[in-house]
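None of the figures in this text is laboratory data; all of them are computed from the coordinates on show. These figures come from a predicted structure and were not determined experimentally. Cβ atoms come from the backbone with ideal geometry, glycine included; neighbour counts cover every protein chain shown.
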Amino acid sequence: MNRPTNAIAVEGLTKRFGETTAIEDLSFTVEGGELFGLLGPNGAGKSTLINILCTLLGPTEGTARVNGHDVTSETGAVRDSLGIVFQEPAIDEELTGAENLAFHARMYGKRKAERQQRIPEVLDLVELAEVADDPVENYSGGMQRRLEIGRGLMHEPDVLFLDEPTTGLDARTRRDTWEYIERLNEESGVSIVITTHYMDEADFLCERVAVMDQGEVVAIDSPAALKASLGGDIIALGLANDGGELFERLDAQSWVREYTPTEDGVAVTMARGEQRVADLVRLADDAGAAIESVDLQKPSLENVFLSLTGSTISEREASDAAESHTEAADEDSSMERPTETAEATEAPGAVE
Ligand code: ADP
C-alpha cells in the first residue's frame with residue numbers, strides 16, 4: 001500500500017460550540033500503519049476530534065489531515081481514505097453477513113464486479129467467510145462487531161476509526177475483539193485509531209496513546225512509557241478525615257517520590273511499594289490520618305491519568321455529568337447543541 005508517512009496530522013486544532021471548547025489546540029501525528037488510541041473520560045473531546053477527522057464537523061481553528069488530505073478543503077479524498085465504525089450498530093440483523101456488505105457497497109457506489117471481488121476479501125479479512133450466508137441475527141456479539149468492522153473496510157481505506165470498539169461486549173468477547181483488531185492491523189497494515197475510555201483496552205491494544213482530558217491532549221506515548229513515567233508503584237490510602245499532618249509528613253520522606261490527593265484520600269508513589277506499605281500506614285497513623293483502605297497498585301494507565309489530571313477517569317466522568325446537568329438547566333448553553341448537531345447529521349451519508 002502506498003501511503004504517506006502520516007495517517008493523521010493535526011495542528012493547533014480547536015473546536016468550540018458556543019461557550020464550550022470541546023477540543024483546544026491539539027497537535028499530534030499518527031504514523032501510517034500505527035494502532036493508535038485516544039483515551040479519555042466521556043466529555044474529553046474524543047468524538048469531536050473523530051468527527052472533525054471524518055469531515056462531519058468543521059474545525060474552529062487549526063488544521064487536520066488524513067492520509068495527507070486536508071479535512072476542510074479535500075473532504076472527498078479524506079472520506080475515501082477512511083473507514084469508520086461507530087458505537088451504534090449499523091448492520092441489518094435480518095440480512096446475511098454477505099448481504100450486509102453488498103448493501104453497504106451499493107450505497108457506496110461500488111459496481112457489481114467490484115462488489116463481487118471485494119465482499120469475499122472482506123469476509124476473509126474479518127474471519128466470517130464460513131458464516132457469510134447465515135443471517136446476522138445468528139451471529140455472536142463478537143462476530144457482529146467484526147462484520148461492522150468489515151463494513152468500514154469495504155472501500156479499502158488507509159485509516160480505520162473504531163469508536164469505543166468493545167462497549168457492550170462481555171469480557172471474553174472483548175478480549176477476542178482486541179486480538180482480532182491487533183491481527184487486522186498487523187496483517188492488513190491499515191492504520192487504526194480507536195477511541196476508548198477503558199484503560200485496559202488502550203493498554204492492551206495501542207502502540208501509542210493520546211491521553212485526553214477536558215479537550216486537551218495531556219500526554220502522548222506508548223502505554224509502557226506512560227506507565228514508566230510515573231516512576232514507581234502507588235499506594236492509595238482511603239481516608240475518613242483530612243489526613244491530619246499526613247501531607248507535611250509525606251513531604252519529609254525521601255522514599256516518597258510523589259503524592260496526589262484524591263477525592264477520598266491520597267495516592268503515594270514510590271519504588272517497591274510492597275516494602276513500604278507498613279511504613280506508610282505507620283506514618284499516616286502517627287500523622288492523625290483515619291485510614292479506611294490501603295491499596296497497593298502497580299502502575300496502570302488509570303494511575304497515569306490520575307497523576308496527569310488529579311482525578312480518576314470515573315471521578316472525571318461523574319463530575320462532568322454533574323456539570324452538564326447544571327448546564328442543561330442553563331438556557332444559553334443548551335441552545336448551542338441543535339445547530340451543531342444538525343451540522344453533524346448532514347454528512348454521514350456521504351461517509352457511508
Ligand atoms: P467524548 O467523545 O470524549 O465523550 P465529546 O467530543 O463528545 O467528548 O465532548 C467534548 C465536549 O464538547 C463536552 O463538553 C461536550 O458536552 C461538548 N460538545 C460535544 N458536542 C457538542 C455539541 N454538538 N454542542 C455543544 N457542545 C458539545
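Quick notes on this one:
- Considering only alpha-carbon pairs that sit under 8 angstrom and 6 or more positions apart, the relative contact order computed for segment 1-121 is 22 percent.
- Note on segment 231-298: Kirkwood radius taken over Cα pairs, Stokes-Einstein applied at 37 °C and 0.692 mPa s, translational D equal to 286 µm² s⁻¹.
- In segment 231-298, Cα pairs under 8 Å separated by at least six residues give a relative contact order of 53 percent.
- Database remark: amide H of Asp92 closer than 5 angstrom to no amide H (H placed geometrically; neighbours at sequence offset of 5 or more, or on other chains; Pro and chain starts carry no H).
- FRET efficiency, 1/(1 + (r/R0)^6) with R0 35 Å, evaluated for Glu187 and Leu308 via beta carbons: 0.55
- Average silhouette area of segment 1-140, convex hull of alpha-carbon atoms, in square nanometres: 10.4 nm²
- Per residue, the Cα convex hull of the chain amounts to 159 Å³.
- FRET E, pair Asn241, Glu93, Förster distance 56 Å, beta-carbon r, rounded to 0.05: 0.55
- Exposure proxy ranking for Asp251, Asp242, Asp320, based on other Cβ atoms within 10 angstrom of each Cβ and starting from the fewest, stands as Asp251, Asp242, Asp320.
- Degrees separating the helix 141-153 axis from the principal Cα axis of the chain, which is the longest one: 60 degrees
- Centre-to-centre, using Cα atoms only, segment 296-317 and segment 160-228 are separated by 17 Å.
- Size of electric dipole in segment 1-148: Cβ of Lys, Arg +1 and of Asp, Glu -1, about Cα centre, debye, nearest 20: 460 debye
- Packing-based order for 19-27, 294-302, using average beta carbon neighbours within 10 Å, highest first: 19-27, 294-302
- Residue among Gln116, Gln87, Gln144 with the largest mean-square fluctuation in a Gaussian network model of the chain, springs linking Cα atoms under 10 Å: Gln116
- Antiparallel DSSP beta bridges within the chain, as percent of all bridges there, nearest 5: 70 percent
- Potential extension, Glu258-Gln297 segment - 0.36 nm per residue separation minus Cα distance: 12.6 nm
- Across the chain, C-alpha contacts under 8 Å between residues 6 or more apart give a mean separation that, scaled by the residue count, equals a relative contact order of 20 percent.
- Contour minus Cα-Cα distance for Asp25 and Thr72 (0.36 nm per residue): 15.3 nm
- Rounded to the nearest 20 debye, the dipole size of the chain about its Cα centre is 1140 debye, using +1 on the Cβ of Lys and Arg and -1 on the Cβ of Asp and Glu.
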